[in-house]
Amino acid sequence: MPAPLHPLTSLTAACCTAAVTTAAGSWPLSVAVSAAAAVLAVRAGAGRRVLTAAAAVLLPLGLSLLMLHGLFFPEGRTVLAAWGPARVTAEGLAFALEAGTRTGACVLVLLLFSFTVSAPDLVAALNVRGLPPQFSFVLASALTLLPAVAGRLGAIRTAQESRGLVLGGGALARLAAVRVQMVPLVLGLLEESGHRAQALEARGFGRPGPRTSYREVPDPPAQRRLRAVLLVLAAAAVALRLGASWPAAGLL
Amino acid sequence: MSQQPLTLPATGPGDGSAAGRPAGTTTAQRNRRLLELAGAAAIAATYLFLVLTQPADIANGPASAAALVALGGFLLGAILLVAAALPVLPTSTLVLMPVALVLNVVLGQLMGTTGLPFYLDAIGTVLIAVLAGPAAGAATGALSTIVWSFFNPTVLPFAAGAALIGFLAGLAARSGLFRRFYLAPVAGFVTGILAGVVSAPIAAFVFGGTAGLGTGAVVSAFRAMGDTLLAAITKQALISDPMDKAIVFAIAALLVYALPRRTTFQFAFVRRFRVLAGKTPAVTPDA
């Protein structure tokens with residue numbers, strides 16, 4: 001097994017791949033990038049989670065694009081079929097394919113990053129780079145809070161049901177059910193955050209000055225060079241695309 | 001992001017809203033103000049650029065260059081806004097941000113169980129903006145979008161719009177629109193108009209459409225009438241977003257009213273600008 005990827009390396013790789021794919025704007029490349037991301041996710045053991053999350057995002061988007069551009073594309077010239085105002089055009093289908101695969105590639109690549117990166121390592125690496133500690137706190141805290149809150153919502157629902165809450169019924173009943181679940185949840189979270197603020201403040205969280213990190217993430221020189229190369233490549237791709245689109249605007 | 005916070009956030013009860021106080025302008029404060037202005041300018045310039053130079057001919061496929069400009073400009077603006085606001089927020093506000101993100105996601109899903117056709121994914125942001133002010137609201141909106149993108153990368157380009165929602169919600173709270181329940185949805189409606197208009201170019205140029213089937217159907221209707229993609233999506237946003245934000249503001253107002261006074265009056269912003277109706281409790285904590 002080679003040296004593990006530094007979190008910033010995988011972040012740079014994901015962002016640069018997304019930028020290059022967007023700049024290239026060609027669906028075969030997008031499909032190839034998506035497939036590569038899916039294979040990497042499966043090999044990293046996160047295939048099921050990445051693909052589930054991607055499907056939850058991409059299926060509605062894809063269907064929406066297909067309906068929107070497949071049926072209504074006034075700019076289209078090659079009409080394949082027409083029912084009243086709806087016209088299936090080749091240009092519209094191509095547009096939907098292009099836009100859908102481009103978004104799909106970016107989503108898969110970024111999900112591959114976020115589901116394989118170790119959040120504590122990422123936070124430590126970002127802090128070394130001079131990012132404000134507040135940002136790291138929000139990121140790490142939100143990532144740990146999210147699963148905990150889902151569990152707590154279940155507990156609140158059980159408690160309210162044992163007090164006679166009946167889920168279901170008409171819209172008003174359901175809204176009332178949401179209310180008796182929401183208020184305890186929000187109240188508890190706000191109360192807890194007050195305690196957390198006091199604890200953090202007592203440990204000097206709000207003070208300026210240098211921080212010491214207990215966690216050291218090794219950053220091999222080879223990966224630093226790789227990051228630089230990736231950034232240059234992505235910048236070049238973006239510059240080429242912008243220059244090709246607006247040659248007169250003097251962007252290059 | 002070499003911006004080091006040189007000053008402590010002004011301690012004392014009045015530090016809930018760092019923005020909008022001219023007193024005691026130091027270099028660090030001026031730099032922060034410059035960052036804020038640069039962020040707002042980046043967002044405004046990106047929007048104007050996209051609307052003015054929108055690719056007229058989309059028959060050759062989605063415009064990659066416009067997508068790159070939209071992504072780059074709006075993300076840069078959101079990051080600048082976060083960089084300006086984050087280092088000076090008091091710890092009590094900062095610990096609310098993860099809570100806001102979680103509320104955005106969980107309450108959004110919970111409202112989804114009622115079968116209402118809205119997104120309702122900004123409840124937490126608005127709640128924090130009402131309790132802690134416009135700067136906190138903007139930072140919460142942008143940051144929670146960035147964290148959310150770990151699970152759903154498609155929300156990332158909308159960070160600037162989320163920051164705008166948080167900022168406007170904070171302004172509405174400061175000017176007392178949350179003191180009466182019927183005024184909150186009005187403020188939400190206006191916020192929704194602005195947020196929808198700002199977010200439409202992202203949907204049009206980055207994604208080439210909208211993420212949901214319901215919104216997609218509305219866009220289809222406008223496209224069938226011969227609108228350009230950007231015009232159709234802007235009109236769709238003007239239909240859904242004001243309604244959505246009016247509901248979000250109303251829910252946030254109901255939640256704030258349901259919270260005990262002891263909790264809400266812990267926030268300096270709430271005390272200072274008399275955000276909620278009623279008298280301040282006699283005992284103000286940590287004076």
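Read the figures in this text as sums done on the coordinates, not as results from a lab. Note that the coordinates shown come from a computational prediction; the quantities given were computed from them, not determined experimentally. Note that we place each Cβ from the backbone using ideal geometry, even for glycine, and neighbour counts take in every protein chain shown.
The mean count of C-beta atoms from other chains within 10 Å of the C-beta of residues in A:179-192, rounded to a whole number, is 6. Two tests apply to each whole DSSP H helix in chain A, Cα reach of 18 Å or more along its axis and mean Kyte-Doolittle hydropathy of at least 0.0, and the ones passing both are A:7-24, A:27-43, A:47-71, A:90-116, A:133-162, A:171-202, A:221-245.
Partner shielding of B:215-222 amounts to 4, given as the average count of beta-carbon atoms from other chains within 10 Å of each residue beta-carbon. About its Cα centre, the dipole of the protein assembly as shown is roughly 1100 debye, where the only charges are +1 on Lys and Arg Cβ and -1 on Asp and Glu Cβ.
P(r) tail for region A:1-157: Cα pairs beyond 27 Å make up 42% of the total.
Here region B:27-272 is treated with +1 on each Lys and Arg Cβ and -1 on each Asp and Glu Cβ, and its dipole about the Cα centre works out to around 1000 debye. For the residues of A:123-136, the average number of beta carbons from a partner chain within 10 Å of their own beta carbon is 3. Between A:ALA236 and B:MET243, the FRET efficiency from the beta-carbon distance, with R0 = 60 Å, is close to 0.85.
The spread of Cα positions in the protein assembly as shown, taken along each principal axis and listed from longest to shortest, comes to 74, 61, 47 Å. Here the 3J(HN,Hα) profile of region B:129-139, calculated from phi with Karplus coefficients 6.51, -1.76 and 1.60 at θ = phi - 60°, is 4, 5, 7, 10, x, x, 5, 5, x, 5, 5 Hz, Gly and Pro shown as x. If you take all other residues with their beta carbon under 15 Å from the beta carbon of B:ALA203, and give Lys and Arg +1 and Asp and Glu -1, the sum is -1. Distance from the Cα centroid of region A:79-99 to that of region A:4-30 is 30 Å (rounded to whole angstrom). An oblate overall shape is assigned to region A:1-44, the ratio a/c of its alpha-carbon gyration tensor axes (a ≥ b ≥ c) being 1.5 or greater and a/b not exceeding b/c. Expressed as a fraction of 2.2 N^0.38 Å, the value expected for a compact globular protein of N residues, the C-alpha radius of gyration of region A:131-202 is 1.42. Positive end of the dipole of region A:40-159 (Cβ unit charges, origin at the Cα centre): among A:VAL128, A:LEU153, A:PHE113, the Cα lying farthest that way belongs to A:LEU153. Both radii are taken from the alpha-carbon atoms of region B:27-272; with Rh as the Kirkwood radius, Rg/Rh is 0.97. A Förster distance of 35 Å, applied to the separation of the beta-carbon atoms of B:LEU254 and A:ARG129, puts the FRET efficiency at 0.25.
Taking 51 Å as R0, compute the FRET efficiency from the Cβ-Cβ separation of B:LEU183 and A:SER213 and round it to 0.05. Can you show the working numbers first?
Details: r = 47 Å, r/R0 = 0.92.
Here the calculated transfer efficiency is 0.65.
Positive end of the dipole of the protein assembly as shown (Cβ unit charges, origin at the Cα centre): among B:ILE193, B:ASN104, B:THR210, the Cα lying farthest that way belongs to B:ASN104.
Taking other residues whose beta carbon is less than 12 angstrom from the beta carbon of B:GLY212, and scoring Lys, Arg as +1 and Asp, Glu as -1, yields -2.
A cut-off under 15 angstrom between Cβ atoms defines the neighbours of B:ILE247, and their net charge, with Lys, Arg +1 and Asp, Glu -1, is 0.
Can you pull the one-decimal nm distance between simple spin-label points at A:ALA32 and B:ALA221, each 7 Å off the Cα toward Cβ? Distance between label points: 4.3 nm.
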